[in-house]
Amino acid sequence: MKEIATVPAAASRSATPSPAPRASRWWKYASPQHAYPLIGRLVPWFLAAAVLLTTLGLYIGFFVAPTDHQQGDAYRIIYVHVPAAWLSMLIYVVMAFWAGLGLILNTRLSSMMAQALAPTGALFSFLALWTGALWGRPTWGTWWVWDARLTSMLILLFLYIGFIALQASIDDKRRADKAGAVLALVGVVNVPIIYFSVQWWNTLHQGSSISLKNGSSMAAVMLAGMLITTLGLWAYSITVALVRLRSIVLERERHADWVGHLEEIRA
Amino acid sequence: MSWSSWSEFWAMGGYALYVWGSMGVVFAVIAAEVLGLVWQRKTVVDQVVQGRRQRQHERQRGATTLRKNAS
């Protein structure tokens, strides 16, 4: 009697996964084995977008956009300063998202994604600070001030460096992922602080020229140059993060069978 | 176009140090990151290939010893 009763239960259990083939198809790419070749195919497209958009954006910024009547040509630093600053904040949020996902769902690939993003985010926050200093000198008369915007941006750079150092200092990779995730998630509070610092505090740094409410106070051609460069550097960030991710996957999964079947390993 | 000559372009209205100091470092950082990634990829692939070859070697040696001991 008992055996007969289990049959319908087993049948219904085997029937449940079939209504969601789409979801399972995406879940497949949560495994490093299936993600690795897919990422390899995506890289050239993001690279092409990065080169084309960055070139176009900087061409508009340096050859089409006019000289600013207040700041002269010093303003052209905006074409790298603002994209670098935006991306350093965006990459942090995305990094914290993947780190958090890895912490909650225990998916290895999510944690590797966070690890792959950190160096690029750190570089962009450094570039935002560097170009900011070179812009501050001619316009404010100083390389650096300890105001809210600049200080919170420096903290972002330290958060990136802290994340990288913490992960590197723990030998057990899964434990390193978890510790890094906690740090990344705690640090997220800094991102809105950076963004709103120019409104909350009286800073030397100017307020944003672009807002969702009021639109843009910049000339359309300057705005176009800045936005297109941002898209280009965004594509660049995705490209380098994916390339780095592939190296991380390969290193961490080096004992897995599927790695032995890869063309680059067999040859 | 706001430039009448290349020299005017490079002069950046007197702000050459600041503008090119920014652009130069941005491109230097990007170049360094790209080169670093190419090098990382090469190193990792070499290490994985070497590690696998070594393990295979050890496994084969282990099998031979087992066979010798059995006979």
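Quick notes on this structure:
- Counted as qualifying within segment A:1-67 are the helices (runs of 4 or more DSSP H) with 1 or more residues that are touching a helix residue (DSSP H, G or I) at 6+ places or on another chain (Cβ under 6 Å) and modelled with pLDDT of 90 or more, namely A:32-59.
- Applying the set (1) more than 7 Å from every other protein chain (Cβ to nearest Cβ); (2) closer than 30 Å to A:GLY61 by Cα; (3) surrounded by 13 or more Cβ atoms within 10 Å (Cβ to Cβ); (4) at pLDDT below 95 to B:TYR15 leaves exactly one unmet item: (1).
- Hey, A:SER169 exposed (fewer than 14 other Cβ atoms within 10 Å of the Cβ), over 23 Å from B:ILE30 (Cα atoms), among the small types (Gly, Ala, Ser) and at pLDDT 95 or above or not: yes
- If you filter segment B:27-60 down to residues that are within 13 Å of A:ILE248 (Cα to Cα), of a type outside the set (S, T, N, Q) and within 8 Å of chain A (Cβ to nearest Cβ), you find that the one that is surrounded by the most Cβ atoms within 10 Å (Cβ to Cβ) is B:VAL48.
The values are calculated or read from the model by the stated rules, or taken from the named source; none is laboratory data. Not measured: the values here are computed from a predicted model. Counting neighbours? That spans all protein chains shown, and the Cβs are built from the backbone with ideal geometry, glycine included.
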